[in-house]
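Trainee: This is the structure I have questions about; it appears just below.
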Amino acid sequence: MCEKNNKLTKRGDKMKKLFLVFMAVAFLAFPSFAKDTIKLGLIAPLTGDVKTFGESAKNGFIIAIEDYSKSGKYKIDPVIADDRNDPTEGANAALKLITQDKVIAISGPLTSKVAIPVSDIANNNKIPMITGAATNPKVTIHDGKRKPYVFRACFIDPFQGTVAANFADKELKVKTAAVLYDVGNDYSKGLAEYFKATFIKKGGNIVAYESYQKDDVDFSALITKIQVKKPDVLYLPDYYNKVALIARQVREKGLKSTLIGGDGWDSPELIKIAGGAIVGGYFTNHYSPDRKDPIAEAFIKRYKEKYNTVPDAFAALSYDATMILLKAIDNARSLKSEDIVKYLNSMKNHKGVTGNINFDKNGDAVKSAVILKVEKDRVRYMTTVNP
Amino acid sequence: MEQISYILQQVVNGIQLGAVYALIALGYTMVYGVLRLINFAHGDVFMLGAFVAYFLISKFGLPVYLVFILTMVSCALVGYVIEKVAYKPLRDAPKISLLITAVGVSLFLEYFLSLKALFTPNYIPFPKPFEIETYDLSFFVITNVQLLIFIITFISLFILYLLIYKTRYGIAMRAVSYDKETASLMGVGIDGIISFTFIIGASLAGVGGILYGIAYPQINVFMGIMPGIKSFIAAVLGGIGIIHGAVVGGLIIGLCEVFVSAFLSSTFRDGVIFIILFAVLLFRPMGIFGKRIEKV
């Protein structure tokens, strides 16, 4: 028995050695076996007032790279930078990624106010950039001119604001609305304007249009001012932190209007901070975790296994944006920025977690929006609105 | 009728804000009284108060009254240490060195505490220490948080009044503020009184921090900057160095903010507050309650 075993292991050893030799020869003979390493950057707000956006985006980015690595042509070295949701920090991070780390392309940033300056830097340095979630039109367009190196995987605010106003008019059947927005934030300001314009066009009445500033925490004066106008709905186009704070004060003051918002609401922290105050509110978003689609379901399953939570829109969009970049890097004629951009411009029907992605002439994705309702412990899918 | 109840509601909003400014402004004014120093780190002690309360409530689940006591003690300790470490060695240095040090302490507290291992630069939701209820008094609505702010501020002011006008420490403190050298010749322990002033000011800022956290349940390490600046303006407006001036100044600033937002636009709000500062410095630099006679 023993001898036989010995013989077997000896034979096994021999086989192993042979195999190793073969591998070594193969390695030398076909250098393409060793994948070239390229650097891919992510800029996202990992700390600061919208840190859950950044955390989700980072998770989506990492899963995208893992998925790509199974079959991709290159080995990806991820470089992740924190923009703290601050335009200056974002600009510094972009310069560092481009000049020091020499990344091939950038995924992110997520918020428009950071994405606008960063997209200028990427464009001027001819580095392809896809933002997952920055929705302001100015991210891809500067003074009416397209930034050729910049793309986005999401819809833009004119669409989002219009969808929200249409929803208020058609589904909620309300006649009066008030808007409360951050005057220093392009995202918030843009959404407020588009919502207002559409709501008025539909025959509704904007009874109050008030603004506050980034660091404000006391909204009592504005809420009291809105309260006397008794609006049916209150539109709050801002990020979850501010929205939660406003929602609580709205309810504490006894204002009963239905709250509506945009994709900035999408964070697990929203319900945590606002509690019951936000329940019953609606917001427009890029995707719903209830989405029935094989790609989305596979992604959600993997995400849950890895991070033990349901991916929000920022995780999904960051995954899509990163996947598109990686696909372009693989399929472009060379790693030159021009070739990558050429591929992106010609790309048709990318099947993403958040839906089919096609870029229009401005590099913006043409996609449908979903409307979600905030419930006690989760958000529920209501309806999908096509462009 | 509706207009009256609207204005009354805005007054309630303004007093809520003003009461917190008053609590912080007291610390500025008292320290200025004894040291002739604008303690810029004071807004950060206010921030620390909010964070200490956050940890006490969320990690230990302590009842509200214990949170107040422990937060005041910790802030008092921080105020004491700041004075001993940063200001005392500079007692005889030019005033400008002291001022620069104050700015340094403030920046140190903000950026050191914003390290990832400490408080992080993130916005942290402040836990609800009790359920918030709204009472509709037909003319205006008021929440139990607002009532708490009014009551706590009133109690703090009352205790402070007793402390300053009815105790030996208070007399000594006023003597130091009036004339440091003479007070010292009369046997007042200057160092002790200065420490005492910092302890009182810091614990009031701590109270302000807790109330602010409960009313606006979101805290971060930079939260002390704006309330700090506005309380400083409140102290200047009331007459820096004058206790009741700080309280009146705080309430005026709070009401001004709310009324500018209510009747003009919130974009003008901070602008108007700073115009008040300029106007006071130009036309009445000693503030509302200040006396024209310069002490030599």
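Trainee: Sorting check: for B:221-228, A:212-219, which peptide has the highest mean count of neighbouring beta carbons within 10 Å, and how do the rest follow?
Mentor: Working: B:221-228: 22.6, A:212-219: 19.5.
Final packing ranking: B:221-228, A:212-219.
Trainee: Report, in degrees rounded to the nearest 10, the 0 to 90 angle that the Cα long axis of helix B:168-178 makes with the longest principal axis of chain B.
Mentor: Helix B:168-178 sits roughly 70 degrees off the main axis of chain B.
Trainee: How crowded by other chains is B:14-21, given as the mean number of beta carbons from other chains within 10 Å of each beta carbon?
Mentor: On the way: counts 3, 0, 2, 4, 0, 0, 1, 0.
What the average comes to for B:14-21 is 1.
Trainee: Right, next: Let me see the pair-distance distribution of the protein assembly as shown: every alpha carbon pair, 10 Å bin width, integer percents in order.
Mentor: 3, 14, 21, 21, 17, 12, 7, 3, 2, 1, 0, 0
Trainee: Kindly identify segment A:47-96 as rounded, prolate or oblate by the Cα gyration tensor criterion: order the square roots of the eigenvalues as a ≥ b ≥ c, call it rounded if a/c is under 1.5, otherwise compare a/b with b/c, prolate if a/b is larger, else oblate. Don't jump to the answer; show the numbers that get you there.
Mentor: Numbers: a/c = 4.83, a/b = 1.78, b/c = 2.72.
It comes out oblate by the Cα gyration axes.
Trainee: Next question. Tell me the Kirkwood hydrodynamic radius of chain A in angstroms, computed as one over the mean inverse distance between distinct C-alpha pairs. Mind showing how you got there, number by number?
Mentor: Working: mean 1/r = 0.0451 Å⁻¹.
Hydrodynamic radius (Kirkwood, Cα only) of chain A equals 22.2 Å.
Trainee: Calculate the length of the line joining the C-alpha centroid of segment A:212-273 to that of segment A:113-168, in whole Å.
Mentor: So the two Cα centres are separated by 25 Å.
Trainee: For the pairs A:Lys51/A:Lys189; A:Lys70/A:Lys348; A:Lys202/A:Lys376, flag any whose C-alpha to C-alpha distance is greater than 28 Å. Walk me through the intermediate numbers first.
Mentor: Values: A:Lys51/A:Lys189 21 Å; A:Lys70/A:Lys348 23 Å; A:Lys202/A:Lys376 31 Å.
Where the Cα-Cα span goes over 28 Å, the pairs concerned are A:Lys202/A:Lys376.
Trainee: Please figure out what share of the DSSP beta bridges in the protein assembly as shown is antiparallel and state it in percent, rounded to the nearest 5. Write out the running numbers ahead of the final one.
Mentor: Working: 21 of 53 bridges.
If I count the DSSP bridges inside the protein assembly as shown, around 40 percent turn out antiparallel.
Trainee: Given segment B:65-181, what count of lysine pairs have C-alpha atoms under 23 Å apart, with each pair 8 or more places apart or on different chains? Mind showing how you got there, number by number?
Mentor: Details: B:Lys84/B:Lys95; B:Lys84/B:Lys180; B:Lys88/B:Lys180; B:Lys95/B:Lys180; B:Lys166/B:Lys180.
Count of close lysine pairs: 5.
Trainee: Cut-off under 19 Å on the C-alpha distance; same-chain residues fewer than 8 positions from A:Lys336 excluded. Which lysines are left, in chain and number order?
Mentor: A:Lys35, A:Lys39, A:Lys73, A:Lys75, A:Lys102, A:Lys126, A:Lys147, A:Lys327
Trainee: Give me log10 I(q)/I(0) at q = 0.07, 0.09 Å⁻¹ for chain B, Debye formula, one equal scatterer per alpha-carbon, no solvent.
Mentor: -0.26, -0.43
Trainee: Right, another one. Could you tell me the distance between the Cα centroids of segment A:308-366 and segment B:105-173, to the nearest Å?
Mentor: Cα centres, segment A:308-366 to segment B:105-173: 49 Å.
Trainee: For a quick check: with amide H placed at 1.01 Å from N, whose amide H comes under 5 Å from A:Lys73's, ignoring anything fewer than 5 positions away on the same chain?
Mentor: Result for A:Lys73 returns nothing.
Quick note: the coordinates plus some simple rules give every number you see, no bench work behind them. Here the structure is a predicted model, which is why all the values come from computation and not from measurement. Glycine also receives a Cβ, built like all others from the backbone with ideal geometry; neighbour counts cover every protein chain displayed.
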